[in-house]
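These notes concern the structure reproduced below.
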Amino acid sequence: MGSKAKSPDTKISSQTQIHGDIKISGSLLIDGHVTGNIIADKESGANVLISDKGSVTGEIRAPYVLINGKVDGNVFAMTQLELDKKAVITGDVHYAVMEMVMGAQVNGRLVHNDNISEASNVIESDFTKNKSKVKGVDAVS
């Protein structure tokens, strides 16, 4: 795995925790923990690499995403997504092309889409769309 991944421009070490959103245009390796969204433009060619020691609580949007750690949030891989054997994702995964190794876990939906773009910044889940129809649950506005 990771054959198309560049060597990282930026590394978040295993002893580092970041709270806040990160916007990238190069390659980011996460060995530590990020609480916040990681965003890259489709045209940037950016890579997000999460090692088996790394974790993200938030949304990831990047052309190329390789996960071998934990993600609690939705993932949008605009070009390619690779899930290694220790990957655990709790959230929906939107991808154009995906490679998944035995042992990887996705606790959410797998959504194939060849045209994932910045315009899809707000994707409503089925639960949110149907929430007003569920008895005893208030609609989200």
>> For a quick check of your reading: which strands (runs of 3 or more DSSP E) sit entirely within segment 1-72 and have at least 1 residues that are open to solvent by less than 30 Å² (accessible area, probe 1.4 Å)?
In response: 10-12, 22-24, 27-30, 33-35, 38-40, 47-50, 55-57, 60-67, 70-72
>> Of the conditions (1) among the hydrophobic types (A, V, I, L, M, F, W, C); (2) in contact with a Lys or Arg (Cβ under 6 Å, 6 or more places away or on another chain); (3) more than 21 Å from MET100 (Cβ to Cβ), ALA40 satisfies every one except a single condition; which number is it?
In response: (2)
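The values are calculated or read from the model by the stated rules, or taken from the named source; none is laboratory data. It should be emphasised that the depicted structure is a prediction, and the values quoted were computed from it without experimental measurement. Because the Cβ atoms are built from the backbone with ideal geometry, glycine has one as well, and the counts that use them run over all protein chains shown. Please note that ligands, DNA and RNA were not included when accessible areas were found on the heavy atoms of the full protein model with its side chains. Shrake-Rupley method; radii C 1.70, N 1.55, O 1.52, S 1.80 Å.
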